[in-house]
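One structure below.
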Amino acid sequence: MAEARFSHDQFRCPVCLDLLKDPVTIPCGHSYCNSCITDHWNQEVQKRVYSCPECRQTFRPRPALNKSTMLAEVLEQLKKSKLQTAVPAGPGDVKCDVCTVRKHKAVKSCLVCLNSFCQNHLEQHENLFKGKRHDLIDATGRLQEMICHQHEKLLDVYCRTDKRCICMVCMVDEHRNHETVSTAAERTEKQNDLVERQREFQQQIQEREKKLQELKEAVKAHKRSAQTAVEDSERIFTELIRSIERRRSEVTQIIRDREKIVVSQAEALMERIKQEIDQLRRRDAELQQLSQTQNHTHFLQSFPTLPVPPGSPDVPSIADGSLDVVGKSVSKLRQKLEDFCREETEKLAGRVICIQIIPTPEYESRKDFLQYFFQFTLDPNTAHQRLYLSEKNRVAAYNTILQKYSDHPGRFSYWWQVLCRESVHGRCYWEVEWSGIGNVDVCISVSYKSINRKGWGYKCKFGSNDQSWCLICSPSSYTFCQNNQQTKLSVVSSSRRIGVYVDHSIGILSFYSVSDTMTLIHRVQTTFTQPLYPGFWINLSYFNRIFGLSEYPTVQLFSHDQFSCSVCLDLLKDPVTIPCGHSYCMSCIKHCWNREDQKRVYSCPQCRQTFRPRPTLKKNTMLAEVVEQLKKTECKTAVPAVPAGPGDVKCDVCIGRKQKAVKSCLVCLNSFCQNHLEQHENLFKGKRHNLMDATGYLQKMICRKHNKLLDIFCRSDQSCICMLCMVDEHKNHETVSTAAERTEKQKHLVQTQRKFQQQIQEREKKLQELKEAVEAHKRSAQTAVEDSERIFTELIRSIERRRSEVTQMIRDREKTEVSRAEALLEKLKQEIDELRRRNVELEQLSNTHDHIHFLQSFSSLSVPPGSPDIPSITDSSFDDVGKSVLHLRQKIENICKEEIEKLSGQVRCIHIVAIPKYECRNDFIQYFHRFTLDRNTAHQRLCLSEGNTMMTNTNIDQQYPDHPDRFDRYLQVLCSESVRGRCYWEVEWNGLCLVSVSVAYKSIRRKGWDDDCGFGYNDQSWSLVCSPSSFSFWHNNKQTKLPVVCSSSRIGVYVDHSAGTLSFYSVSDAMNLIHTVQTTFTQPLYPGFRFIFPDTLNIRLKSLFGSVEISTVKMCDIEMQGQRFCK
């Protein structure tokens, strides 16, 4: 029976690489030395999970170890056997095969006997085979390797075709017609190659010694760079803290300056109110005198010019002068800066992670990635209803028909997106194939599970927030998006199969174009803080989308029912809006919640949504204004008061010092003091002279034409006449006696007096409120100063913590990289020792006389390590860290500057006395300005006409020349003229599209789909989006849905640039305020317009092939007529 031959390598321990000692086999089937596996598992005691060092299979609990008896027996046999290893472990003496007890050193080996002989047995061999030709060579332990196992003949021929040694019989049989030479001839040929290999080994040794020196220098440079980075970051953070301390002082000064201005304005108004109260009291006294006069003619003549009490607009309204907004703004600033510091520190951590002395190995072939391949499935609970999933949820397709998916909180409601069910952990690779007709974009993304799902805001869209990363693939190009920032990639789209590789632990995300080769499209180095989920989004150009078309609902003006409290069913009183969005009277909701105090869970009486803790209630000022307006049944017109000066009536008869008149005669047309009245009575005794209380209006009581008493009142002409006038000019007019008309007018006089008294009470009340408001404003200013000081102090502490974090981050990275480099230094030293050892072996092989051994060993010994084994050294400088911290400081200072400018604008808007508002259209028309649209800014699909005052949206590109100011994505246009000072204009629109009526700075970007280009999506523009049923206001990508119902397609826009006021009005029979903004404009404004396609539009577009007028916007000329509007 043939004896099996074993190699020592088959029984080596994978841990110590030596022959197994006390072999044990663990549950996965691998075998180790008992001591080796025990030591390995002792290191895993804390985790209480034990693994196999070879296959990494884990076990719990720790397996028991028992000696493998069969392996032990085999190993014992192997130690006793005389088998030689196929590859010698090292040089050594060859033993004599004949010696039986103590083996002697062999000096020769016989190629015929296939034995090695010591000197004694060699002599016996010579004697035994004297005269026979036995080939002897220097003693070797490789005799069996020099013999053909098939024919038992010497391997003295070399087959170049199969590149191995053969015997003569093999050459005639299996290797017939092969290229063969003698082993000696091939040895001569290979000897030259051996010299070349030795030269390569020596070169490799030199290169590694050079790399060793470079690596030592790189470690020193890395340490110096880390120290510099720490010092720079400490210095920059210190400068940043000083800058924030300066900003703290600025905010305090802003508050104090505004307090001084507002209090001064309020004190001036208080003085004015006091004067108005005095004036009203004086006018009330005059009315009282007139009501008591017995002269009907004077009463009726004076009645049309009676002092009319000022209307309600003249009553000064008191605004909320609280500076609470300062505390909120500074808190917002602190939160914004802390969030920014956190984000930038995370980015900085990502950059620090990328700093390496030794680079991360690059995968080159698809095979390298497939070892991390994972099969994902799409999650139907996240898929938009227009996405159809098939092939076991591995394929998503856009469908015009809504899918009947169940309601689910994880479903995307607006964007055509879907997430996968499984998350990405560790290293992971997957491939995606996409297809489509026409202008189709596909977004391949990874996202956190916490991404928003509901609505069309950018917090829900892949790549538009800090929760997701995406690659947008089109037939011609690629674009990478993250946190609403787009990066257009220079790689040309060559394949519709995309490979995605993620290394979650080190924050690597890579996209590859997969075809015959793997082409890197884009790579991101970041820090992932949550598990990632693959996701996809399909985007069709708007002419390829398919939607259902529906009619717009009929709208009605709001009624009292819309503003009724659902608790008391009455009109809202002190309206408040709770967090769920419903509104109630403040007293009603307080009463409801007081009953829920024991449970400490408060609910909405309508939708039953619960809140904890109890929400703070504040008056909804906009609702309060609307409710107040509903209470008024008609607009009041303020008629200016016409005062009559008080004074005694002087006697017309007195000479010298005039006496006070007591009576006036309507016949003599004179007023008399007491003395002259008695003379008048004596003089005209028995004659009928009508006397009345003294008055200074005698001449006005006589008809100038007929010189008769004006004792008749003509209601047709509203004037006093005499009897002859009634017969002549006023014939057939409606006339009554002055006494009768006096009685009628007396009632109106009483009402007027009542209004004056009411106005006095209102002003006295306002005066008291104003005093209280001034005191409250001062308290609020002091609180704002204290709050801002406290918040800035907390912010400085937060930045100091970030400074410590950055320092620790640099030190940790320095420690990690130096440790890696030192490990590589040790590895290089070992490689140099190995190369030197192999070089010695080559030298020994070069000197051997055994051609067969030379040829058999040549292939294994002559291959030097390839160049990939030579470690490359990267730039491990921390210079970018210093630049990042400097960028952080600059960005924080810019944020502080911008936020404090905003805060300054907000503080300027704080008034104790509200700014007066215009009431009728004529008030605005005085600021009317005619604008024209700028052709150089118009999108190619906008047709301008009527002297560039009208724009029409069509589906045909206009022949506009290229211009840097032209909007190339958004359907927008700006006007040529800017807005300065106070300005008013009107716009009329119609059609299928939504229309954005906007104002923008000229510096707004024009190219691309970025938010920086769209009206209302940035801090460069303000926009009112109008639809047939509603309005919404946009600024800095924030939407405010407005409760105003759309009642007209004509919009009025009023801007007061210096005061920072922007207002939009709906212009019809009345002017209705839609929305007003109080801000600070830092640049000239330009009117602008934009068309927005609704979801219900494109089914109609798809059926039309010619030029289609979809919507129009026209700049209006003003008709000069006054129109009232409700505030």
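Could you list which residues have their amide H under 5 Å from that of D379, counting only those 5 or more apart in sequence or on another chain, with H placed in the peptide plane?
L419, C420, R421
For the chain, just run the numbers: alpha carbon Rg, then divide by 2.2 N^0.38 Å, N being how many residues it has.
The reported ratio for this selection is 1.57.
Got the relative contact order for the chain handy, in percent, Cα pairs under 8 Å and 6 or more residues apart?
Answer for the chain is 13 percent.
For K163, what is the net charge nearby, where nearby means another residue's Cβ is under 13 Å from its Cβ and Lys, Arg count +1, Asp, Glu -1? Numbers along the way, then the final one.
Details: positive: R160, R164, K190; negative: D162, E179, E186, E189, D193.
Around K163, the surrounding residues sum to -2.
Cross-link partners among lysines for K132, C-alpha distance below 19 Å, same-chain residues fewer than 8 apart left out?
Answer for K132, where 19 Å is the Cα cut-off: K108, K153, listed by chain and number.
Rounded to the nearest 0.05, what FRET efficiency is calculated for Q206 and T874 with R0 set to 22 Å and r the Cβ-Cβ distance?
On the way: r = 22 Å, r/R0 = 0.99.
Computed FRET efficiency for Q206 and T874 comes out at 0.50.
Rounded to the nearest 10 degrees, what's the angle between the helix 69-80 long axis and the longest principal axis of the chain, both from Cα atoms, 0 to 90?
50 degrees
Give me the number: length gained by fully extending E789 to Q385, i.e. 0.36 nm times residue separation minus the C-alpha to C-alpha distance, one decimal in nm.
Extra length from E789 to Q385 when fully extended: 140.3 nm.
Any idea what angle helix 621-631 forms with the longest principal axis of the chain, computed on alpha-carbon atoms, 0 to 90 degrees, nearest 10?
30 degrees
Between D597 and K163, with labels modelled 7 Å along Cα→Cβ, what's the label distance in nm to one decimal, could you check?
So the two model labels end up 9.4 nm from each other.
How far, in nm, would the chain grow between Q768 and Q609 when pulled straight, counting 0.36 nm per residue and subtracting the alpha carbon separation? If you can, show how the numbers build up before the last one.
On the way: separation 159, 0.36 × 159 = 57.24 nm, distance 4.07 nm.
That works out to 53.2 nm of additional length.
For K392, what charge total do you get from the other residues with a beta carbon under 13 Å from its beta carbon, if Lys and Arg give +1 and Asp and Glu give -1?
Every neighbour counted, the sum reads 0.
Distance cut-off 24 Å, Cα to Cα: go down the list K449/K891; K618/K755; K902/K1002; K260/K771; K47/K449 and report the pairs above it.
Values: K449/K891 30 Å; K618/K755 32 Å; K902/K1002 20 Å; K260/K771 15 Å; K47/K449 29 Å.
Over 24 Å apart, Cα to Cα: K449/K891; K618/K755; K47/K449.
Need one number: nm distance between label points at Q782 and R246, each 7 Å from Cα along Cα→Cβ, rounded to one decimal.
The two pseudo-label positions are separated by 3.1 nm.
Would you mind checking segment 125-164 for residues with the amide N under 18 Å from a putative spin-label position 7 Å along Cα→C-beta of D93?
Answer for this model: 138-142.
What is the calculated FRET efficiency for E729 to L571, with r their C-beta to C-beta distance and R₀ = 51 Å, to the nearest 0.05? Don't skip to the end; give the middle numbers.
Numbers: r = 53 Å, r/R0 = 1.03.
After rounding to 0.05, the efficiency reads 0.45.
Taking the Cα of K650, stepping 7 Å toward and past its beta carbon, and measuring to each backbone N in segment 674-700: which are under 15 Å?
What the label zone holds, given the 15 Å backbone N cut-off, is 695-697.
Roughly how many nanometres apart are two label points built 7 Å out from the Cα toward the Cβ at A397 and L489?
Going from the A397 label point to the L489 one covers 2.7 nm.
What FRET efficiency comes out for the pair E174/E126, r = Cβ-Cβ distance, R0 = 30 Å, nearest 0.05?
Computed FRET efficiency for E174 and E126: 0.25.
Could you give the length gained on full extension between V195 and K1007, defined as 0.36 nm per residue of separation minus the Cα-Cα distance, in nm?
285.8 nm
If you take every residue apart from P61 with its C-beta less than 14 Å away from the C-beta of P61, what net charge results, scoring Lys and Arg +1 and Asp and Glu -1?
Local net charge: +3.
Taken together, the values in this text are just the output of simple stated rules run on the coordinates, not laboratory data. Here the structure is a predicted model, which means the values were calculated and not measured. Heads up, the Cβs are rebuilt from the backbone with ideal geometry, glycines too, and the neighbour counts pull from every protein chain shown.
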